[in-house]
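Novice: Have a look at this one.
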């Protein structure tokens, strides 16, 4: 998927995959990322279908924000800007907002 196609993503493209494990490339590491939430966000958005946030629980990740390559089961590789939100034991919860 190219970056122009990111505008085609919808909340339902993620909400149907809650608890699924996807691969995410974070620098030199390719890690397992468990999708733990997909939530609509309020406020202004120019996107058809509205904006949303997704959260992934990732073990072994460094807590650095950045653009990472998510391997989505339906859309292929997606570049998502993700920020660390919470540390849970050895895992870090990262969030991406699509708006």
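Novice: Is it the case that the stretch 21-33 has a residue that's within 14 Å of the chain's Cα centre (by Cα), without any contact (Cβ under 8 Å) to a residue 24 or more places away in the chain and more than 17 Å from residue 59 (Cα to Cα)?
Specialist: No: zero hits.
Novice: Residue by residue through the stretch 78-99, note down the ones that are free of Cβ contacts under 8 Å to residues at least 12 places away in the same chain and exposed (fewer than 12 other Cβ atoms within 10 Å of the Cβ).
Specialist: 89
Novice: Consider the stretch 2-20. How many of its residues are under 13 Å from the mean Cα position of the chain (by Cα) and either within 17 Å of residue 81 (Cα to Cα) or touching a residue at least 40 places away in the same chain (Cβ under 8 Å) (or both)?
Specialist: 8
Listed here are the residues, each with its yes/no results for (1) part of a loop (DSSP other than H, G, I, E, B); (2) surrounded by 12 or more Cβ atoms within 10 Å (Cβ to Cβ).
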position: 5; (1), (2): no, no
position: 10; (1), (2): yes, yes
position: 14; (1), (2): no, yes
position: 18; (1), (2): yes, yes
position: 25; (1), (2): no, yes
position: 34; (1), (2): no, yes
position: 37; (1), (2): no, yes
position: 42; (1), (2): yes, no
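Just so you know, all these numbers are worked out from the coordinates, no wet-lab data involved. Predicted, not measured: the structure shown is a model, and the values here were computed from it. A quick note on method: Cβ atoms are made from the backbone with ideal geometry, for glycine too, and the neighbour counts reach across all protein chains shown.
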